[in-house]
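I have placed the structure first, in the form of structure tokens, so that the comments after it can refer back to it.
Please treat every number below as a calculation from the coordinates, not as lab data. On a predicted model such as this, the values are computed, not experimentally measured, just so you know. Methodologically, a virtual Cβ is constructed for each residue, glycine included, from the backbone with ideal geometry; neighbour enumeration extends over all protein chains shown.
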Amino acid sequence: MKKLNELIKTTARWLDFIIKAFLPVAAVLIVTLKALEIRSFDDEKVVLDLVLMIVAALAISEGLSRFVTLEYIKQKIDALHNYGIPNQKLLEIAHRYGIVGLSPRFSDDGMWVEDIISEIKKCRTTLDLCGIALPSISNIHKLKDAILKHAEDHDVRILLLKPNCTEAERRANIEQPKRGTVADIVDTIAFLKQKIAQNRRIRIHTYTLPPMLGLYVTEFVAYVEPYHFGKPEGIDGCIGGYVPLLKIKNNSDKDVYDNSYAFFKQHFQYLWNDSRGGRENLDITIDDIVNDSYMVLRNGNPFDIMMRDWTLVAQNEPIAYSFKPNFVWKTQQQFKILFSEQSSRPKKDDEDIWAIKYLPSSAVLTLINAKGTTVAQLSPQKEVSVQLEKQ
């Protein structure tokens, strides 16, 4: 059928050329010969015949050209029609469930990155991210900048696979030897902790369940990447990013059964709640504690922390204690907290000494950064028990 159509179009093009090139010439010759026959070139009828024949030739040529064009258009319409019929149902289903985009995450044009960035800029509430290591947070600069910009004024919740769990080991075995999966997770957590110390509103949980989905979720859309254990021949290292990334609109005005977004949002929420015990805090430790006397904290992070506008809240204490504006907590520096019956700073002007009301052994100290995000929680009871185990 295809060869027949090509033959028809080729024949039509040749006919069109013959008519356009030779029919007007033939018309002139016919009229000229007729004029020679009657030996008169001044006859108005001869001139009129010549004009009419040329017009007729051009009309036939134009008509044939239009016929060929219309036939070509009809063929294209039929092709689109034949293509569209089997896919119409697919498009209807996608529209019904809010699927508004589909992109390979490792596409060369990087359009998926630009699209996610545009949605992050629209977001005015919490941004939720879920992955295994999410290296794109730190190594795709435009995406990193958009996330960190959002974290200046809004919460960002991030779920990562726990680096020392069974599932992380399983993933690492699949992706070896060209990817250090566990090392990537550790690097992402270290990067994010540094940004938390720089007053970003970021919270991190690590989960231990088998990874199922990669998610970027705003209040408007969810980007969903299905995870898998499959590693086809020819794929080395990371197995993520090869299956299509779905963009799903929040159809909040529709019934929940037609709003796929709601299921993915709740998938994230389930993991977040289930992994509360895997919260990643800044590395602030209790080095020493003496009941009724003092507690010594240490900044165990590999970076200094500017403590301006940071607060330390003691359980059941009505007052949050603020650090001096110019206090920089150096890496590995100790910080002494005095216990006292008075909820006030001691008279001695020493940056490393700070008074706090006597704490019961069950109390919890909460460290909060300048943007109001909890960055560490310390339990004297837990630390005392750890120290007793070491003795």
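Taking H as built 1.01 Å from N, whose amide H comes closer than 5 Å to the amide H of W310, not counting residues under 5 places away?
Here the answer is F323, since their amide H atoms fall under 5 Å of that of W310.
Quick one: 3J(HN,Hα) in Hz for the range 216-229, Karplus 6.51/-1.76/1.60 with θ = phi - 60°, rounded, Gly and Pro as x.
Along the range 216-229, the couplings run 10, 10, 10, 6, 10, 9, 10, 9, 10, 10, x, 9, 7, 9 Hz.
What is the packing order of peptides 158-166, 117-125, taking the mean over residues of other C-beta atoms within 10 Å and listing the highest first?
Top to bottom by mean Cβ count within 10 Å: 158-166, 117-125.
Can you bin the range 272-337 into rounded, prolate or oblate? Criterion: square roots of the alpha carbon gyration tensor eigenvalues sorted a ≥ b ≥ c, rounded for a/c under 1.5, prolate for a/b above b/c, oblate for the rest.
rounded
Fully extended, how many nm does the chain gain between D253 and A370 (0.36 nm per residue separation, minus their Cα-Cα distance)?
38.4 nm
Of K142/K193; K162/K231; K121/K324; K89/K122, which sit over 27 Å apart, Cα to Cα?
Result: K121/K324; K89/K122 exceed 27 Å.
Pull out the extension gain between Y270 and I93, defined as 0.36 nm times the separation in residues minus the alpha carbon to alpha carbon distance; nm, one decimal.
Residue separation times 0.36 nm, minus the Cα-Cα distance, leaves 61.1 nm.
Which cross-chain or sequence-distant (5 or more) residues have an amide H under 5 Å from the amide H of L245, H modelled 1.01 Å from N in plane?
Those qualifying (amide H under 5 Å, at least 5 residues apart or on another chain) are S103, R105.
Check which residues have an amide H placed less than 5 Å from G214's amide H, if you skip close sequence neighbours.
E225, Y227
Determine ³J(HN,Hα), in whole Hz, for all residues of the range 301-310 in sequence, where each value follows from phi through the Karplus function 6.51 cos²θ - 1.76 cosθ + 1.60 and θ = phi - 60°; x replaces Gly and Pro.
Listing the rounded values in order: 6, x, 8, 6, 10, 6, 8, 4, 6, 7 Hz.
So for the pair Q334, T126, with labels modelled 7 Å out along Cα→Cβ, what separation do we get in nm?
Here the modelled spin labels are 3.9 nm apart.
Using the per-residue mean of other Cβ atoms lying within 10 Å as a proxy for protection, in what order, highest first, do the peptides 229-241, 190-202 fall?
By packing density, highest mean first, the sequence is 190-202, 229-241.
Determine the shape class of the range 102-278: with a ≥ b ≥ c the square roots of the Cα gyration tensor eigenvalues, call it rounded for a/c under 1.5, and otherwise prolate if a/b is greater than b/c, oblate otherwise.
Judged from the Cα gyration tensor, the range 102-278 comes out rounded (a/c under 1.5).
Given 0.36 nm per residue, what is the gain on full extension from I117 to K144 after removing their alpha carbon distance, in nm?
8.8 nm
Can you tell me the FRET efficiency between N326 and D153 if r is taken as the Cβ-Cβ distance and R0 is 25 Å, rounded to the nearest 0.05?
0.50
How many nm separate the modelled label positions at Q377 and N173, each set 7 Å beyond the Cα in the direction of the Cβ?
Label at Q377, label at N173, 3.4 nm between them.
Determine the relative contact order of the range 217-262: mean sequence separation of Cα pairs under 8 Å and six or more apart, normalised by residue count, in whole percent.
Dividing the mean separation by the residue count of the range 217-262 yields 41 percent.
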